[in-house]
1. Can you give the helix-only mean residue ellipticity at 222 nm for the chain, where every DSSP H stretch with n ≥ 4 adds -39500 (n - 2.57) and the sum goes over all residues, rounded to the nearest 500 deg cm²/dmol?
2. Can you give the extra length, in nm with one decimal, that the chain gains between GLU64 and GLN106 once fully stretched, where that is 0.36 nm per residue apart less the Cα-Cα distance?
3. Suppose the chain between ARG254 and HIS89 were pulled fully straight at 0.36 nm per residue; how much longer would it get relative to their current alpha carbon spacing?
4. Take each of the peptides 48-54, 66-72, average the number of other beta-carbon atoms within 10 Å over its residues, and list them starting from the highest.
5. Out of the DSSP beta bridges found with both residues in the chain, what percent are antiparallel (nearest 5)?
6. At what distance in angstrom do the alpha carbon centres of region 1-74 and region 354-405 lie from each other?
7. Can you list the HN-Hα couplings for region 489-494, worked out from phi with the Karplus curve (6.51, -1.76, 1.60; θ = phi - 60°), rounded to whole Hz and with x for Gly and Pro?
8. I need the peptides 262-273, 489-500, 403-414 ranked by packing, meaning the mean over residues of other C-beta atoms within 10 angstrom, with the highest value on top.
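Just so it is clear, none of the values below were taken in a lab; they were calculated from the coordinates. Since we're looking at a predicted model, the values are computed, not measured. As a convention, Cβ positions derive from the backbone with ideal geometry for all residues, glycine included, and neighbour counts pool all protein chains shown.
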Amino acid sequence: MTFPATHTVFNQVPDLLPYETSDDTSLLEGLRREGGGWAEDEVRQLGARAGSVEAQEWGRLANENPPVLHTHDRYGNRVDEVEFHPHWHDLMNVAIENGLHATPWQDARPGAHVARAAKFYAWGQADAGHMCPISMTYAAVPALRHNPDLAETYEPLLASTHYDFGLRIPTDKRGLTAGMSMTEKQGGSDVRSGTTTATPSADGTYTIVGHKWFTSAPMSDMFLTLAQAPGGLSCFLLPRVLPDGSLNRIQVQRLKDKLGNKSNASGELEYLGATGWLVGDEGRGVTTIIEMVNMTRLDCVIGSAAGMRNAAVRAVHHARHRSAFGAALIEQPLMRNVLSDLIVESEAATAAMIRLAGATDRSARGDTQETELRRITLAITKYWVCKRAPSHAAEALECLGGNGYVEESGMPRLFRESPLMSIWEGSGNVAALDSLRALAKQPDVVEAYFTEVTSAAGADSRLDDAIARVGKELADSTDMEYRARRVVELMALVFQGSLLVRHGDPAVADAFCASRLGEDWGGAFGTLPTGLDTAAIVARI
């Protein structure tokens, strides 16, 4: 008996690949606006490569084949090596060749940090995990400069565009990567409670003993770490291989089994009398390493913005090619509301991250006003943008329905990756309280913030009203710590709104102000009010 064929494929969405992750008006306009326009061709080329079939396959395989720790070699010698899928190294090589790590610190051109941020955003959409060691290598430089001798030796190698993986004497390699090792199991974000000790040696080095609970990228060539020295909590540089070629006494106890970020290794390090060099003064460890933390916080914002863009592109692509109830999904009013809202959130995040990159660039070149602005806007944006990423990823996934819940769609990997940036470098409460600390201890940052956001004064009454609400919130010191999240959220939204009103697409700015700056906004996606030009918004992807 013959049965009719039932497996006829129709109303399925064509593959998105290849596409250009840098084909992003908000990104490219911001790149030009913040002084990095000279790198636009490089950003476009890297974006085309990131969205290629090849690079997307690299990212998929690196995540499906996570790193493996080898504590010993075949003869029983301790080696503490991490083995990666070959495509991890392909991803790292492209990132370093294109200067996504420490290269801007050696680049005298204005806008170098902006160009790097745009590249980080574009290339990170191939795989988020490998951007962790890239980020920390970038961030290590300003902290390392607290010891000019160490900086002179290692900064050129950290900024080198050669990826040189493997355990060898750092100065014998063509390029280096750096990691950060602060968190201890009993302390978490309270790094001052660390119990790792640093004992001075006669040759000027220190002997480091202790256990670090989270160390990102334990395969790095060197780490910046905190330990209790005679003069108090201090910052140290620990290479994995010492100048004489012997392995430093650093052991990787295990790798973490994480929710996401699977391609990247995170581990627990044991310092068993490891040799370290002091970076900065004794007792100034937090002040020294916070230089590194602030740079990685910038990359948390960039990474979250990149994830939002990736998710929004995938959701819109699906809706354009999928029909239900007699019409394409993108033509249906409620779906268009959702998609528009996802795009608005994405473009607000992108505008903020590129402005922060511009502030970082000008701050690095001695602009004190931009330094003050960066101090507060980085703190509030790190809190808010990274906090929004998981709900954005979840909503974008849902736009694909059951197909979005399947690994082949790529959406589950985006979803698993999305909470990381909110946790890394200070979870929500830490970021919110750090914002309040800056406002209380550095009055100039308050002035810098209001100078920035009021530059859009008069352009949109809803923004003007929200700016006034920020002023009222800050003037009321009652229960400020209890209200920290609400205050910081409002400040971040006003910062984003001011950028969109001044520089963004009018339809996007209107939708943002109508929703995010309204006092009755509930925060759920797909609740944009009527009367907005959603057709113009979805046309931006």
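1. Computed ellipticity for the chain at 222 nm equals -16000 deg cm²/dmol.
2. Gain in length upon complete extension: 11.6 nm.
3. Once the chain is fully extended between ARG254 and HIS89, it gains 57.3 nm.
4. In decreasing order of mean packing, 48-54, 66-72 become 48-54, 66-72.
5. So the antiparallel bridges amount to about 90 percent of the total.
6. 21 Å
7. 4, 4, 4, 5, 5, 5
8. 489-500, 262-273, 403-414
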